[in-house]
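Below: the structure, in structure tokens.
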Amino acid sequence: MNGCIIHEYDEDEINSLGTSQVFLTMGRSTRLLDLLSVPESDGAIVINSTAGIRLCCHRSKLEMTLRQAKVTLPEDGQKSEACWLKRGDAPAQTADDVIFVTNTDELERKKQQFLQRGISDIVVSPHVEGDLIKFYGVAGTSFFRVFYPGDDMHSKFGNELHNGRPQHYKYSIDKLHSMAELAAQAVGIIIYGGDAVVRRDGSFCMIDFNDWPSFSRCREEAALAIACRIKELIVKR
């Protein structure tokens, strides 16, 4: 960023922080967030906020926050028994942390497997048929990008494959952007990403929301949008 002095820190090695105006972090460790909370409480800009990061790291609390903010999420009561079983106490770290199940018997067996791993905080979400899309955004800006992982079958744990090849149903990207901004405001983060499913009729719901995604398909554009947003926040101080 032109005109700014930038210091880089390794999350695993840092023991103290300087007196910078802005702290830009992709770290999620409790130790780092505790360190960042000190300058944050003194008025420094921390992106993303420590409270927002902590919330994104706790799926069950995150879902509760999104529902309270009236963000559209998958609803219970669907005809299909298919659903997703997710650990609620942390973001997904392995393929076993997010599991697709097709019936109630399988659901109960998988719940027991979570309990055997010491995970009692569990989120169950109905499976939603439709086009799976990934979105990336910078809150408070016009930057918002949407991609279909099913177009090239790109997948982290293979879960995207359950929705199959996208049909590219028509929907309002402006309304999706507005919903994503609502989620970002409720959670308290500026740099965000997530997943949504667009149904055949053009309606959609958010199935995941997180702090600082990879921006793998739009990294250069995202970097510019993030830098501009940071400068705006500095000027407004």
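The values are calculated or read from the model by the stated rules, or taken from the named source; none is laboratory data. Not measured: the values here are computed from a predicted model. Virtual Cβ from ideal backbone geometry, glycine too; neighbours counted across all protein chains shown. These accessible areas exclude ligands, DNA and RNA; they are computed on the full protein's heavy atoms, side chains included. Shrake-Rupley method; radii C 1.70, N 1.55, O 1.52, S 1.80 Å.
Observations
- Under a Gaussian network description of the chain, with springs only between Cα atoms under 10 Å, the residue in MET26, MET206, MET179 that fluctuates furthest is MET26.
- Contour minus Cα-Cα distance for SER20 and GLU221 (0.36 nm per residue): 69.8 nm
- The alpha-carbon atoms of the stretch 42-184, seen along their principal axes, cover 47, 43, 28 angstrom, with the largest extent given first.
- For the chain, a simple Cβ point-charge model (Lys and Arg +1, Asp and Glu -1, everything else neutral) yields a dipole of about 480 debye relative to the Cα centre.
- Per-residue surface analysis assigns SER203 an accessible area of about 40 Å², computed on protein heavy atoms at 1.4 Å probe radius.
- Whole-number D in µm² s⁻¹ for the stretch 137-237, Kirkwood Cα-pair radius fed into Stokes-Einstein, 20 °C, 1.002 mPa s: 145 µm²/s
- Ranking of ARG117, ARG217, ARG200, ARG59 by solvent-accessible surface, largest first: ARG200, ARG117, ARG217, ARG59 (1.4 Å probe, protein heavy atoms only, all chains present).
- 3J(HN,Hα) from dihedral phi, the stretch 42-58, Karplus parametrisation 6.51/-1.76/1.60, rounded to Hz, x for glycine, proline: 8, x, 5, 7, 10, 10, 7, 4, 5, 5, x, 5, 4, 5, 5, 8, 10
- Looking at the chain, the accessible area is 55 square angstrom per residue; that uses a 1.4 Å probe and ignores ligands, DNA and RNA.
- Each of GLN116 and SER60 was given a label point 7 Å from its Cα along the Cα-to-Cβ line. The distance between the two points is 2.1 nm.
- Largest GNM mean-square fluctuation among GLY130, GLY164, GLY88, using the chain with Cα springs under 10 Å: GLY164.
- Cα-projected label distance for ASP201 with TYR9, points at 7 Å along beta-carbon direction, nm: 5.0 nm
- Among ASP34, ASP12, ASP131: highest mean-square fluctuation, GNM of the chain, C-alpha pairs under 10 Å: ASP12
- Accessible area (Å², 1.4 Å probe, nearest 10) - TRP212: 50 Å²
- Apolar share of the accessible surface for the chain: 49 percent from carbon plus sulfur atoms, 1.4 Å probe.
- Gained length - SER172 relative to CYS228, 0.36 nm times residue gap less alpha-carbon distance: 17.6 nm
- In the stretch 107-208, taking the dipole from charged Cβ atoms about the Cα centre, the farthest positive-side position among TYR192, LEU161, GLY150 is held by LEU161.
- Cα lying deepest toward the dipole's positive end in the chain, options ILE234, GLY140, PRO126, charges on Cβ: GLY140
- A Stokes-Einstein calculation at 20 °C with viscosity 1.002 mPa s, built on the Kirkwood radius of the stretch 34-78 over Cα pairs, returns a diffusion coefficient of 174 µm²/s.
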